[in-house]
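**Student:** Structure provided below as structure tokens; questions to follow.
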Amino acid sequence: MLFLSLNSDLFSSNDQKPLQRHYSISFCGSSLDVARFPSSWLKRKYESTAAKSSKKLKSVAEDVLYDTEPVWQNFELLSQENSIQPDTAQSLIKLFEDGNTIPFIARYRRNVIGNMSPEELRLVKDHYEEICCLRSKLKTVVKTIQKNGLLNNDLRKSLSSVRTAEELELLYAPFKPESKRTLSERAKALGLDKPAYNILNDICEEYLENYIQSNKDGLKTLGEVEKGIINIIASVIGSDTEILSHVRELRTSHYFFIETKKLNIKGRTLTKKDVNNKPVDESKYRLYYDFKITSDNIKPHQVLAINRGENQKVLSVKIEVPEFLIKNFKNFCMKKFLNTSSNKQKQRIVKEAINDSYTRLVQPLLIRELRSTLKGMAEKTSIETFSKNLKQLLLAQPIKGKLILGLDPGFANGCKLALIDETGTLLDHNTIYPFKTFKNAKSDSEYTLKKMLHQHKCELIALGNGTACRETETWLSELIGANVFSPLKLTYTIVNEDGASIYSCSPEAKKEFPKLDPHIISAVSLARRVQEPLAELVKIEPQHLGVGMYQHDLRKKQLNEALNEVVSECVSFVGVDLNTASQCLLKGVAGLSDKKASQIINYREENGPFIHRRELLKVKGIGEKVFQQCSGFLRIGPINLEEEAIFYKKSNTTKLDRTIIHPESYDMTKTLMKELNLKEKDIGSREFIEKIKNVSKNLDIDELSRKYDTNKDSVKLILDTLGKSLNYDLRLEYNITPLFKKGIKSIEDLKIGNVLSGRISNVTSFGCFVDIGVHFNGLIHLSKLKGKQLQIGDRVEVEVLSIELDRKRISLKYVGMSV
């Protein structure tokens, strides 16, 4: 019989931790004392099964039997790892478990998270997921060890104290089932495990001649018998918990040498191709053809470059373990196994086993773990860099109220032109051939371009940075210099066209422009990237936007999760118009998915424009929880001033739906405005904004928060929002605008020592890339930044240090910020 019992002994009354009770299981006459468990946990396990069948009760009992509760709680570990208060950690865990998104938490729950930034929240969330994963792995490990009959109280105590996946792996290593093909397992199958353990533990003297069997492989000679015994002892040494702990301590406290060389295989030619099956440019790895560095000095981008070069069979990689570390390991093992023994047979065999264990098991383990650690560090840095760059790119200021001509350059297929109006609608398109050799090609191209610009009074060109960009820019610059477009004051900006071609062939592009040439669609995308960058860039998978660092080498799932969080933050914080936003934009809003965005658009098409935020609840698939997460980031209002009076005559409409104030705070906001003698219909007007700003100076935020039974952060958010215009754009705070040009320099015109103005186009761990107007971005290496922290969009003055035309490389030095 199985008995599940709970006695009344309390073991903890600490206010910070739940009460704990002693728990025991009796099964088939045997009794197991199962440590201590939180009373809340026991209550859940006990009460949920009290009325169930004995079969289910047995299942729950086994779960308890195999479950080892850590000595820490999730919030305690999260608090320590992220240096945050325990109560904040508890609040965050509850918010995460309740399905709250980072944008929602960062904006509307600041009072319970200590005003953490979205970046900090993402880091905490990642750590929390690692903690949950650690708990799950711990349960699996305990279950495996228990089923093998090897779980004792000391081991259970050790397991319950682990705080990292590496510590858990260290404890579990000796209990992992070995492959039957290992040398140790083969020797055990021959019956050599008994003499091996007798020799290692000095149990008794063994005469190895007695184990010789001339008709059996592995036992035919004394040498084969000794070799088998050495293999078994080497395996014991290589999986000993104390030794492995010492080895890992040595690895983390000492450096290794990493050496790379160009891989040459005699007698055959390697066809080196990348992940996309394209020929590899081996010159990219020239720096690593004869490269040596210590593991404590290697940089993340170097790790990623070396790993890629090795995968593409361009580089060979060698890890050299310091000699003093090898000696330290062997001395530690001899002290543990030979310190008190005078048995010469044991000394000889164990010394050979130590050497074999190091060469065959320990050294490969050290190298694997080192490379895994370096790779993890590099990938984390790469994702952080990508996330930061992506955020800067998405939050670039839109150029509103202008007509823009998108120009997708090309040679044989010509340059595609697409002119859009202030709302992004395509007005006109064409193709010109300024580089063709047929008669009047240049003059015809000039005429067509001039006609389009004059007809629509367009003064801004968005030029893609792809093939023929430099030649097109030179041609365009010459025309501007000759006043060909006068009286138009024409300017142009270079646009990163990464991902434009992918988008132009996508189902969404085909849906919007069913009969349009994909090349023209690319030109439309270039113009829209300047006019409304966020709305256009969310249509493209982030890894195709060209602002990362070795992003194609990263695990796709890990990268996508991180980048989707950034996209959601940017889209949500900028806010989108619920009645005009595309599906790509809507699905980026916190709480929404691609399916829910599609359902919103279907509802919009069937029922007309949304009148108020609460109408979202009529959309299939959107309940109160989803509404809570997304509603504050979706704006509803009239399309233009002419429609405003009519729009607000409809029932349930409110100007608060055009602000970032959450619907959960509407009642408090209306009461506050009434007390301040402000009218809801005046929200956003100049007089309203001036009055709220003047009144806010004398308001006691603490008193207001007590009066309305809310928190100070909510009151501040309401007052701050009411003090801004209805069309206020968060992106104005980031000051990231395109670099507009009227003239040009080519890379051939550059000279060492030239000081130029440019714009930061990408930031990596090894430096910053700068658009200096010559088609190829220059690089300010980390060592030439003078300690300056730059970000995408910054205007800088740089000095040219070197030019490599064949490799398309320009090395720059940071001089200062440009006005």
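**Student:** Looking at the square roots a ≥ b ≥ c of the eigenvalues of the Cα gyration tensor of the chain, which shape do they give, rounded for a/c under 1.5, prolate if a/b is larger than b/c, or oblate? If you can, show how the numbers build up before the last one.
**Tutor:** Details: a/c = 2.61, a/b = 1.42, b/c = 1.84.
Because a/c hits 1.5 or more and a/b fails to exceed b/c, the chain counts as oblate.
**Student:** Given points 7 Å out from each Cα along the Cα-Cβ axis, report the Lys216 to Asn311 separation in nanometres with one decimal.
**Tutor:** Modelled inter-label distance: 4.7 nm.
**Student:** Taking amide H positions as placed in the peptide plane 1.01 Å from N, state which residues far from Asp577 in sequence (5 or more) or on other chains have amide H under 5 Å from it.
**Tutor:** Arg635
**Student:** Further, regarding this structure: Picking from Phe337, Val763, Val571, whose Cα lies most toward the positive end of the charge dipole for the chain (charges on Cβ: Lys, Arg +1; Asp, Glu -1)?
**Tutor:** About the Cα centre, the residue reaching furthest to the positive side is Phe337.
**Student:** Please compute the net charge surrounding Leu732, taking Lys and Arg as +1 and Asp and Glu as -1 over other residues with Cβ under 15 Å from its Cβ. The partial results should precede the final answer.
**Tutor:** Details: positive: Lys400, Lys724, Arg731; negative: Glu532, Asp720, Asp729, Glu733.
Local charge sum for Leu732: -1.
**Student:** List the aspartates and glutamates whose alpha-carbon lies under 17 Å from that of Lys261, not counting same-chain residues fewer than 8 positions away?
**Tutor:** Asp281, Glu282, Asp290, Glu310, Glu320
**Student:** When the Cα centres of the range 336-369 and the range 642-677 are compared, how far apart do they sit, in Å?
**Tutor:** That distance is 77 Å.
**Student:** Please work out the FRET efficiency for the pair Phe411 and Glu282, using the Cβ-Cβ distance as r and a Förster radius of 25 Å; give the result to the nearest 0.05.
**Tutor:** Numbers: r = 27 Å, r/R0 = 1.07.
Here the calculated transfer efficiency is 0.40.
**Student:** Could you work out the per residue convex hull volume over the alpha carbons of the range 125-273, in cubic angstrom?
**Tutor:** On the way: hull volume 36.8 nm³, N = 149.
So the per-residue hull volume is 247 Å³.
**Student:** In debye, nearest 20: dipole of the range 545-613 around its Cα centre with unit charges on the Cβ of K, R (+) and D, E (-)?
**Tutor:** Numbers: 8 positive and 8 negative charges, 34 e Å.
The calculation lands at about 160 debye.
**Student:** Give a residue-ordered list of calculated ³J(HN,Hα) values for the range 476-483 (Karplus: 6.51 cos²θ - 1.76 cosθ + 1.60, θ = phi - 60°; whole Hz; x for Gly, Pro).
**Tutor:** With coefficients 6.51, -1.76 and 1.60, one gets 5, 5, 5, 5, 5, x, 8, 6 Hz.
**Student:** Taking the Cα centre as origin and putting +1 on Lys and Arg beta-carbons and -1 on Asp and Glu beta-carbons, what dipole magnitude results for the range 576-732, to the nearest 20 debye?
**Tutor:** On the way: 28 positive and 24 negative charges, 30 e Å.
Result for the range 576-732 is approximately 140 debye, rounded to the nearest 20.
**Student:** Long-range amide H contacts for Asp428: which residues qualify at under 5 Å (H placed 1.01 Å from N, peptide plane, sequence gap of 5 or more or a different chain)?
**Tutor:** Leu419
**Student:** On to the next question. Give the residue from Leu390, Leu374, Met452 lying farthest towards the positive end of the charge dipole for the range 371-487; charges sit on Cβ (+1 for Lys and Arg, -1 for Asp and Glu) and the dipole is referred to the Cα centre.
**Tutor:** The residue sitting most towards the positive pole is Leu374.
**Student:** Let me ask you something else. Efficiency by 1/(1 + (r/R0)^6): what FRET value for Ser696 and Glu733, r their Cβ-Cβ distance, R0 = 22 Å, to the nearest 0.05? Could the numbers behind the result be given before it?
**Tutor:** Numbers: r = 19 Å, r/R0 = 0.87.
So the FRET efficiency works out to roughly 0.70.
**Student:** Quick check for me: using +1 on Lys/Arg Cβ and -1 on Asp/Glu Cβ, what's the dipole size of the chain about its Cα centre, in debye to the nearest 20? Walk me through the intermediate numbers first.
**Tutor:** Working: 125 positive and 104 negative charges, 225 e Å.
Around 1080 debye, computed over the chain.
**Student:** Then there is this: Modelling each spin label as a point 7 Å along the Cα-to-Cβ direction, I'd like the Asp577/Asn153 distance in nm, to one decimal.
**Tutor:** Label at Asp577, label at Asn153, 7.2 nm between them.
**Student:** Report ³J(HN,Hα) in whole Hz for each residue of the range 167-174, in order, from the Karplus equation J = 6.51 cos²θ - 1.76 cosθ + 1.60 where θ = phi - 60°; Gly and Pro get x.
**Tutor:** 5, 5, 4, 5, 6, 7, 3, x
**Student:** Please compute the length gained on full extension between Arg686 and Glu508, using 0.36 nm multiplied by the number of residues separating them and subtracting their Cα-Cα distance. Provide the component values of the computation, followed by the final result.
**Tutor:** Values: separation 178, 0.36 × 178 = 64.08 nm, distance 4.01 nm.
Net length gain for the segment: 60.1 nm.
**Student:** Counting Lys and Arg as +1 and Asp and Glu as -1, what is the net charge of the other residues whose Cβ lies under 13 Å from the Cβ of Val770? Write out the running numbers ahead of the final one.
**Tutor:** Values: positive: Arg759, Lys784, Lys788, Arg795, Arg809, Lys813; negative: Asp771, Asp794, Glu797, Glu799.
Combined, the nearby Lys, Arg, Asp and Glu give +2.
**Student:** What trypsin sites (Lys or Arg not before Pro) does the range 560-631 have in DSSP loop regions with at most 13 other beta carbons within 10 Å? All intermediate terms of the calculation are to be shown ahead of the outcome.
**Tutor:** On the way: sites: Lys587, Lys595, Lys596, Arg604, Arg613, Arg614, Lys618, Lys620, Lys625; in loops: Lys587, Lys620.
Here the sparse-neighbourhood loop sites are Lys620.
**Student:** Please give every one of the lysines within straight-line cross-link reach of Lys335, meaning a C-alpha to C-alpha distance under 29 Å, and leave out same-chain neighbours fewer than 8 residues apart.
**Tutor:** Within the straight-line cut-off, Lys335 pairs with Lys157, Lys176, Lys188, Lys194, Lys227, Lys327, Lys344, Lys346, Lys351.
**Student:** Just to verify a number: FRET efficiency for Lys788 and Glu120, C-beta to C-beta distance, R0 = 22 Å, to 0.05?
**Tutor:** 0.40
**Student:** Follow-up. Can you tell me how the range 183-238 classifies by the Cα gyration tensor, rounded, prolate or oblate, using a/c under 1.5 as the rounded cut? Before the final figure, lay out each step's value.
**Tutor:** Working: a/c = 2.18, a/b = 1.27, b/c = 1.72.
Taking the square roots of the gyration eigenvalues as a ≥ b ≥ c, the range 183-238 is oblate.
**Student:** Less than 12 Å Cβ to Cβ from Arg795, Lys/Arg counted +1 and Asp/Glu -1: what total charge do the surrounding residues give?
**Tutor:** Numbers: positive: Arg759; negative: Asp771, Asp794, Glu797.
Within the 12 Å Cβ shell, the charges total -2.
**Student:** Would you grab the residues whose amide H sits under 5 Å from the one on Val815? Only those 5+ places off in sequence or on another chain, please, with H modelled 1.01 Å from N.
**Tutor:** For Val815, the qualifying residues are Glu797, Val798, Glu799.
**Student:** For the range 377-511, would you read off the P(r) tail past 18 Å as a percentage of all alpha carbon pairs? The partial results should precede the final answer.
**Tutor:** Values: 5543 of 9045 pairs.
Percentage above 18 Å: 61.
**Student:** Angle check, please: helix 363-394 long axis (alpha carbons) against the longest principal axis of the chain (alpha carbons), in degrees 0 to 90, nearest 10.
**Tutor:** Approximately 20 degrees, to the nearest ten.
**Student:** Let me ask another. Pop out the ³J(HN,Hα) list for the range 240-252 in order, Karplus 6.51 cos²θ - 1.76 cosθ + 1.60 with θ = phi - 60°, rounded to Hz; leave Gly and Pro as x.
**Tutor:** Karplus values, whole Hz, x for Gly and Pro: 5, 4, 5, 5, 4, 4, 5, 4, 5, 5, 5, 5, 7.
**Student:** From the square roots a ≥ b ≥ c of the eigenvalues of the alpha-carbon gyration tensor of the range 770-819, which class results: rounded (a/c under 1.5), prolate (a/b over b/c), or oblate? Please list the in-between numbers first.
**Tutor:** Working: a/c = 2.09, a/b = 1.50, b/c = 1.40.
Prolate, since a/c reaches 1.5 and a/b exceeds b/c.
No value in this document is a laboratory result; all are computed from the given coordinates. All of these numbers come straight from a predicted model, not from anything done at the bench. Note that each Cβ is placed from the backbone with ideal geometry, even for glycine, and that neighbours are counted across all protein chains shown.
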